[in-house]
Amino acid sequence: MKNLEIEVKFFLADMDRIRDRIIELGAMSMGRVFETNIRFDDADNRLIQEKSLLRLRQDTKSTLTFKSEPPFKDDQFKILRELEVEVSDFTTMKNILESLGFREEQVYEKWRETFMLNSTNLCLDTMPYGNFLEIEGQKEDIKKLASQIGLKWKKRILLNYLAIFDVIKQKSNLPFYDVTFSNFINIRFDLSKHLDRLEVNRH
């Protein structure tokens, strides 16, 4: 099936060590950028009910992405059908979506450094609530790289960043919905104490 996004995430207690290991393996950095993402839905929240995502992202460019569940289950990897297109104007695209009846539901930010190793993307992500490595590519390459980097496969995370935030929001009774760095300035949350709710924890 075309247009499949196949990935896993790992929570990182020591991002610098993992970054050094990725470079040792021969990966090439494509640079580090700041992302602003807006998740849209309709008035009935139909997209989130269908486990779909409509997202407008701005970093060095603007992209519109639609993600939906594939017609099969996989408990080893996070797999989604992904359709993505670059748009020339972030604000105009936002206005188009709103004119079509979609509304801004949630904003989330991150810093991302992307590495390329052969045909695999390795993304070091700094979220407002912690650091992660996201590995995207073919299944066999993802699993091999995770092992070479020194990550335990049973520690992989298949949730997206917004679902991870939902766990944090529930545990800390947070009053906000947007995952922005400014919202987390005075928040002290140790995600490592709650990894049992995030990680797959199976061989």
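The values are calculated or read from the model by the stated rules, or taken from the named source; none is laboratory data. As the structure is a computational prediction, the values presented were derived from the model and not from experiment. Backbone-built Cβ (ideal geometry, glycine too); neighbour counts: all protein chains shown.
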Looking at ILE164, is it modelled with pLDDT of 90 or more and either assigned to a helix (DSSP H, G or I) or touching a strand residue (DSSP E or B) at 6+ places or on another chain (Cβ under 9 Å) (or both)? yes
When only residues in the range 79-101 that are farther than 21 Å from GLU35 by Cα and of a type outside the set (S, T, N, Q) count, which is nearest to the chain's Cα centre (by Cα)? ILE79
Residue identified as over 26 Å from ASP59 (Cβ atoms), surrounded by fewer than 17 Cβ atoms within 10 Å (Cβ to Cβ) and in contact with a His (Cβ under 7 Å, 6 or more places away or on another chain) among LYS171, LYS155, LYS144: LYS171
Do we have PHE11 as surrounded by 18 or more Cβ atoms within 10 Å (Cβ to Cβ), touching a residue at least 12 places away in the same chain (Cβ under 8 Å), out of contact with any Gly (no Cβ under 8 Å at 6 or more places or on another chain) and aromatic (Phe, Trp, Tyr) here? no
Selection status of GLU86, within 26 Å of ILE149 (Cβ to Cβ), in contact (Cβ under 8 Å) with a residue 24 or more places away in the chain and touching a Ser or Thr at 6+ places or on another chain (Cβ under 7 Å): no
Please count how many residues of the range 30-58 are surrounded by fewer than 18 Cβ atoms within 10 Å (Cβ to Cβ), over 13 Å from the mean Cα position of the chain (by Cα) and farther than 22 Å from LYS2 by Cα. 12
